[in-house]
Amino acid sequence: MVQAGVIQSVRRREKYKRRFPLDKNREGDVLIEKGYPPLATGDVQVATHLPEKRGDFMNDETGKTTRILIIYDSGTGNTEKMALAVAEGARKVTTAVIVKRADAATVDDMLEADGIILGSPTYYGLMSANIKKLFDISVKIHGKLSGKVGAAFTSAGGTATGAETTLLSIVEGLLIHGMIVQGRSDNKHYGVACTGPPDEKGITFCRELGERTASLANRLV
Ligand SMILES: Cc1cc2nc3c(=O)[nH]c(=O)nc-3n(C[C@H](O)[C@H](O)[C@H](O)COP(=O)(O)O)c2cc1C
């Protein structure tokens, strides 16, 4: 039996497709628009570019439009799960949230966003090569990300096995770009780290990271 929620979700997607026809989509993009039902990995709106006109995604509550870009790398899916939870949190307060794999992200995507949240698996205590490659390519736009909001998350194999240094390696890159990174005073000071796949607590921290980062970007847009 088809549930009402599913029909509603399909209708929203059809409406979305009309506004952003498929030929505008770029492979590897995932769009999470405010009002979509909760995400699961197999249940995402594939495609898309950031909206062309800011007004298209006006935030009902604030009247502002903030565009959040979540870029992640993931070998076995753990960081990807975190990325989708971060997106869920961001879309509570933000009108346009895009999730992209690092190998599909471009410097233009970064330029178009108001906030950029980067997620990487912990590899040898540092960000993965795909995320580092993106940083290296971003030298082309060095100085142009200044004043945008940034944040980091990671999935590691253990606790105290390099997750914090990974977060700091990402935060370092964001700061070198002149971006604004909000710390957290009571826990997860540098960003969110999970061990393996995120559990319910980890998911909550990820959602909170997305919401908090988008809220800050909202205030600055
Ligand atoms: C090349 C490589 C290096 C890794 N280095 C670390 C490490 O230094 N510390 C750690 O805790 N886990 C390390 N791991 C484990 C991953 O961080 C962990 O499995 C993580 O959950 C993978 O996330 P993913 O599913 O998004 O790829 C490493 C894994 C790989 C493949």
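Taken over the stretch 155-207, the residue count meeting the criterion of being charged (D, E, K, R), more than 27 Å from Ile137 (Cβ to Cβ) and within 19 Å of the chain's Cα centre (by Cα) is 6.
Quick one: would you say Thr65 is among the hydroxyl-bearing types (Ser, Thr, Tyr) and either assigned to a helix (DSSP H, G or I) or at pLDDT below 95 (or both)? For Thr65, the condition - among the hydroxyl-bearing types (Ser, Thr, Tyr) and either assigned to a helix (DSSP H, G or I) or at pLDDT below 95 (or both) - is met. For the stretch 158-186, a tally of residues being in contact with a helix residue (DSSP H, G or I) (Cβ under 8 Å, 6 or more places away or on another chain) and more than 16 Å from the ligand (Cβ to nearest atom) returns 6.
The residue list Leu174, Leu220 contains one member that is modelled with pLDDT under 95 and of a type outside the set (Phe, Trp, Tyr), which is Leu220. For the stretch 189-201, the set of residues classified as within 16 Å of the ligand (Cβ to nearest atom) and either in contact (Cβ under 8 Å) with a residue 12 or more places away in the chain or acidic (Asp, Glu) (or both) consists of Tyr190, Gly191, Val192, Ala193, Cys194, Thr195, Gly196, Pro197, Pro198, Asp199, listed by residue number.
Cβ-Cβ contacts under 6 Å between residues 6 or more apart (or on different chains), taken from a first residue in the stretch 126-144 that is within 15 Å of Leu168 (Cα to Cα) to a second residue that is assigned to a helix (DSSP H, G or I) and within 16 Å of the ligand (Cβ to nearest atom), are listed as Leu126/Thr166; Leu126/Ser169; Met127/Thr166; Met127/Ser169; Met127/Ile170; Ile131/Ala102.
The values are calculated or read from the model by the stated rules, or taken from the named source; none is laboratory data. Since the model is a prediction, treat every value here as computed from it, not as a measurement. All Cβ positions, even for glycine, are placed from backbone atoms using ideal geometry, and neighbour counts span all protein chains on display.
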